[in-house]
1. Does GLY91 satisfy being away from ligand 2 (no atom under 16 Å from the Cβ) and either among the hydrophobic types (A, V, I, L, M, F, W, C) or at pLDDT 95 or above (or both)?
2. Considering only residues that are of a type in the set (Gly, Ala, Ser) and surrounded by 11 or more Cβ atoms within 10 Å (Cβ to Cβ), which ones fall in the stretch 322-358?
3. Does LEU175 satisfy the criteria of being within 16 Å of ligand 2 (Cβ to nearest atom), part of a strand (DSSP E or B), assigned by TED's automatic domain parsing to the domain that holds TYR28 and closer than 22 Å to THR261 by Cα?
4. Just checking, does the stretch 95-118 include any residue being assigned by TED's automatic domain parsing to the domain that holds LYS43, open to solvent by 30 Å² or more (accessible area, probe 1.4 Å) and within 13 Å of ligand 2 (Cβ to nearest atom)?
5. In the stretch 244-274, how many residues are within 18 Å of SER207 (Cβ to Cβ) and within 11 Å of ligand 2 (Cβ to nearest atom)?
6. Sort out for me the strands (runs of 3 or more DSSP E) sitting completely within the stretch 38-146 that have 3 or more residues that are over 30 Å from GLU167 (Cβ atoms), more than 16 Å from ligand 1 (Cβ to nearest atom) and not basic (Lys, Arg).
7. Kindly list, by first and then second residue, each pair from a residue in the stretch 57-85 that is in the same structural domain as ARG123 (by TED's automatic domain parsing) and open to solvent by 40 Å² or more (accessible area, probe 1.4 Å) to a residue that is small (Gly, Ala, Ser) and within 16 Å of ligand 2 (Cβ to nearest atom), limited to pairs with Cβ atoms under 9 Å and residues at least 6 apart or on different chains.
8. Checking TYR190 against (1) assigned to a helix (DSSP H, G or I); (2) within 16 Å of ligand 2 (Cβ to nearest atom); (3) more than 17 Å from ALA307 (Cβ to Cβ): exactly one of these is not met. Which one?
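The values are calculated or read from the model by the stated rules, or taken from the named source; none is laboratory data. Everything numeric here is computed off the predicted structure, so don't read it as measured data. Cβ: placed from backbone, ideal geometry, glycine included. Neighbour counts: every protein chain shown. Note: accessible area is taken over every heavy atom of the protein model, side chains too, but ligands, DNA and RNA are not part of it. Shrake-Rupley method; radii C 1.70, N 1.55, O 1.52, S 1.80 Å.
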Amino acid sequence: MQKNEGGRIVVLDGKLDASYTALPETFYTRMSPNPVRDPQMVKWNEELAEQLGIGQEGALDHLAGNSFPEGAQPIAQAYAGHQFGNFTMLGDGRTILLGEWQNRSGQKVDIQLKGAGRTPYSRGGDGRAALGPMLREYIISEAMHGLGIPTTRSLAVVSTGEPVYRETALPGAVLTRIASSHIRVGTFEYARRFCSETDLIALADYSIERHYPELAGEPDKYVRFFRAVMERQAELLAKWVGAGFIHGVMNTDNMTISGETIDYGPCAFLDAYKPMTAFSSIDIQGRYAYANQPPIAAWNLARFAEALLPLFDSIPAEAVKQAEDTLREFPQIYRKCWLDIMYRKIGITGAKESDEALVEDILGWMEQAGADYTNTFRALTIGDTAALEQAEGFASWKKRWDDRIGAEGIEAARDLMRQSNPSIIPRNHLVEEALDAAGNGDYTLFDRLCELVSDPFSYEPVDSKFTEDPPEPKEPFQTFCGT
Ligand code: AMP
Ligand code: MG
């Protein structure tokens, strides 16, 4: 267990911005985090703290919600969203935005406490979070960052010394989430459904200024804004799919305008390549299964377009046409991003159209052979494919690949592949084992796993338990929301 005894001085006092509170009041509620009984720092992200220029000393009380930094104007944000296809009013039911912080490179980020107590948007919830799921968000978000995938980050996990009641009593915790903002597709749906057009414009202008400032002076800035968000989300989805990541709950309130991954509830990485894998316990129909994610992103973007329609054009039919013309481009933008990633994964530069079949066919082979997604690319990267060649069909694919790369190209291909194929991902069984031990106060495996998944392209030799195929699960792995 790490103690709150780091060397640097916390500098949050007097330094937090609150630009979001300049928006119309309908977008937030001012409120303080709710104090907790006995806060302990159980995980502190030294590397992120260094980037942010935040010291650990004195941070504990702020990050537990027991006090807030001088001059801070904490708020809970309002938003709505489509959950599994149905529109609902939501909002920060268990998070408080402490404020905005300028990192060392001058970029503004939100500092938000997750599990900070009830808010006016809590509905039936207790506003709290359990330690296990907050540690899970910590490790998976840091793994995503290590993989080069845009994401919210985790600065700290503080245990609260209070129980939270789920199916049983569990230890409570507060996670400090860092995000380039928490503006969601659902924030725009809220504005469109419940606010005035002036409010909607204020939100759009704020988002443009914060995330797409180059568009601010453009005559058709709102259509361009929509397109820019679509491009960022297409790129994000291609990165998820490329890494074998399943978000698990792609509701519109969990899609950011910044293009960062947010909300690590029921997410997990693929083991065997089965495109219809869904882990989430409540995703009975597989709406958010691995392979459904890109079309669901497009569906979510259509909800975003609907929210923005009045800003596209004053003539409704013209506004709809602008939205449709833009959305129609999503599949090809996505596919280009995805193919670029997949070519890198098999070490191909200067791809030709005929290379698409190499990508499709290795995936087809993995699916039919039940091969592990990450480890197939890993084996190819390190040139250790003997085991794969036992399975029917691999050798003939490999021969085509060898011919394509050519003997003279193999070193360059391997270099590219080492930068594109992770050696280590946060496998479900390892994460569960680490969380179980952490729940008993032993953070050894959790800390080690955090270290390894934060640097997934290193290919340094490690204990084989971190890289080998996972054991056959006795029953399908399940993940849970709202924990
Ligand atoms: P999520 O599934 O994490 O995207 O959460 C959906 C909504 O439920 C959001 O508005 C959350 O703030 C809210 N929520 C989730 N867990 C809780 C909780 N324990 N207490 C209050 N609100 C919650
Ligand atoms: Mg959410």
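1. Considered against the rule, which asks whether it is away from ligand 2 (no atom under 16 Å from the Cβ) and either among the hydrophobic types (A, V, I, L, M, F, W, C) or at pLDDT 95 or above (or both), GLY91 comes out as no.
2. ALA323, GLY347, ALA351, ALA357
3. Here the answer is yes, as LEU175 does meet what is asked.
4. The answer is no, given that none of the residues of the stretch 95-118 is assigned by TED's automatic domain parsing to the domain that holds LYS43, open to solvent by 30 Å² or more (accessible area, probe 1.4 Å) and within 13 Å of ligand 2 (Cβ to nearest atom).
5. Number satisfying all stated conditions: 6.
6. Filter on the stretch 38-146 gives 95-102.
7. The qualifying pairs do not exist here.
8. It fails just one condition, (3).
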